[in-house]
Amino acid sequence: MTKTSTESPVLFNQKGYDHFHEFLGQENFTKIFILVDSNTHVHCLSSFLQKLETQLEVEVLEIEVGEEIKTIETCSSLWEALSDLGGDRKSLLVNLGGGVVTDLGGFVAAAFKRGIACVHFPTTLLSMVDAALGGKNGVNLGALKNQVGIIRKPEMVVIDMSFLETLASSEMRSGLAEMLKHGLIADEDYWNRLKSLKDLDLTDLEGLVKESIVIKEQVVAQDPLEKGLRKSLNFGHTLGHAIESYFLESPAKQKLLHGEAVAAGMVLAAYLSTELEGFPKEKRDEINLVIHSIYGKTDFTEEDQKKIIDLLKFDKKNEGGKINFVLLRQIGEPVIDREVPNTLIHEAFRYYLTPQEDAQSE
């Protein structure tokens, strides 16, 4: 079990189920609701129900798949369903899914009847190492990421590594982006071990996932409400979220997974770090090489870049109209609340798009 004083317990595999069942026995719940999306309904729900030991009535709530469904309208439909199905203040909501399910489900639980208990069972690598941790819950406004939400911890997070066997390689790479980020902001040794994992499989992955969780939990424990240090977890996300939102709302673009957008954002942030914080060029180029070898290169036209930069003004980390970035002085030494001029952002995009050999010769 991984646990800190200010964080929900994070438990793995059978020990997690044992703790969950002990928790069910201790609490006087009236009913269990299980939130799934159409993917986890097919690939994960049956396995979960086979392991669930309870005499309580169980209801399954299903939503569609995708970031587009992470809206207040979806929440409203779930609140109505909970009410229609007899949900009360002693109901438990189990969120069985990836980041959309845990983000949205946590928000639904926090607001229904002024707050019911919830437990996360993350089913994707991304949700295991990031979305299900730290108590952030919320929804998007249109294509704008996580504009409405609340920080409220689940009762626990249970990680069943067998769920990863259902994932496509693209989803595994999406989760790897957050693990790479944890290495870059906190632990160069961890980054060095992860950067060679181009083809992720389940061999030894549990240990790496646990390390990633420890890094995030240590940061969150010191700054649960994101007043300072916790902002470092947004490395690559300022531009990454804007890129993700732009590709989500643009009909001509193929939408990017969260980790794919953040990966591009980390290359851009590494360039800005060199220009503004003296981050070593050789490490900047290494990040560029590693990211491109895993995720390939996303094409950004000049018009794309302008629209992405325009979206930065909606970033929830902004204060007083200032766009704040997380940069690096060294690997493991983040710098928060750094303003960046638009001219440098355009330069960062040029660096990202430059062929690798030319970029390294700069």
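The values are calculated or read from the model by the stated rules, or taken from the named source; none is laboratory data. Owing to the predicted nature of the structure, the values given are computational and were not obtained by experimental measurement. Cβ placement follows ideal geometry from the backbone for every residue including glycine, while neighbour counts extend to all protein chains displayed. Remember, those area values only see protein heavy atoms, side chains included, never the ligands or the DNA or RNA. Shrake-Rupley method; radii C 1.70, N 1.55, O 1.52, S 1.80 Å.
Name the single residue that is farthest from THR40 (Cα to Cα) among those in segment 88-103 being crowded, with 23+ Cβ neighbours inside 10 Å and either free of Cβ contacts under 8 Å to residues at least 60 places away in the same chain or charged (D, E, K, R) (or both).
By that ranking, first place goes to ASP103.
When you check LEU312 against the structure, is it in a helix (DSSP H, G or I), at pLDDT below 95, within 22 Å of the chain's Cα centre (by Cα) and surrounded by 18 or more Cβ atoms within 10 Å (Cβ to Cβ), yes or no? Spell out how you get there, then give the answer.
Values: in a helix (DSSP H, G or I): yes; at pLDDT below 95: yes; within 22 Å of the chain's Cα centre (by Cα): yes; surrounded by 18 or more Cβ atoms within 10 Å (Cβ to Cβ): yes.
Yes, satisfied.
Applying the selection to segment 112-135, what residues are among the polar types (S, T, N, Q) and outside any helix (DSSP H, G or I)?
Within segment 112-135, THR123, THR124 meet the criteria.
Check SER77 against each of (1) without any contact (Cβ under 8 Å) to a residue 40 or more places away in the chain; (2) among the small types (Gly, Ala, Ser); (3) touching an Asp or Glu at 6+ places or on another chain (Cβ under 9 Å) and name the one condition it does not meet.
Evaluating SER77 over (1) without any contact (Cβ under 8 Å) to a residue 40 or more places away in the chain; (2) among the small types (Gly, Ala, Ser); (3) touching an Asp or Glu at 6+ places or on another chain (Cβ under 9 Å) leaves (3) as the failure.
Going by the conditions given, is LEU85 more than 18 Å from VAL139 (Cα to Cα), open to solvent by 50 Å² or more (accessible area, probe 1.4 Å), touching a residue at least 40 places away in the same chain (Cβ under 8 Å) and touching a strand residue (DSSP E or B) at 6+ places or on another chain (Cβ under 7 Å)? First the steps, then the outcome.
On the way: more than 18 Å from VAL139 (Cα to Cα): yes; open to solvent by 50 Å² or more (accessible area, probe 1.4 Å): yes; touching a residue at least 40 places away in the same chain (Cβ under 8 Å): yes; touching a strand residue (DSSP E or B) at 6+ places or on another chain (Cβ under 7 Å): yes.
Spelling it out, LEU85 is indeed more than 18 Å from VAL139 (Cα to Cα), open to solvent by 50 Å² or more (accessible area, probe 1.4 Å), touching a residue at least 40 places away in the same chain (Cβ under 8 Å) and touching a strand residue (DSSP E or B) at 6+ places or on another chain (Cβ under 7 Å).
Please find, among PHE325, PHE300, the residue that is farther than 30 Å from ALA168 by Cβ, hydrophobic (A, V, I, L, M, F, W, C), surrounded by 15 or more Cβ atoms within 10 Å (Cβ to Cβ) and modelled with pLDDT of 95 or more.
PHE325
Might you check whether a residue that is surrounded by 15 or more Cβ atoms within 10 Å (Cβ to Cβ) and without any contact (Cβ under 8 Å) to a residue 40 or more places away in the chain occurs anywhere in segment 178-185?
As a first pass, look at segment 178-185 and keep what is surrounded by 15 or more Cβ atoms within 10 Å (Cβ to Cβ): 178-185.
Checking which are without any contact (Cβ under 8 Å) to a residue 40 or more places away in the chain leaves us with none.
No, segment 178-185 contains no residue that is surrounded by 15 or more Cβ atoms within 10 Å (Cβ to Cβ) and without any contact (Cβ under 8 Å) to a residue 40 or more places away in the chain.
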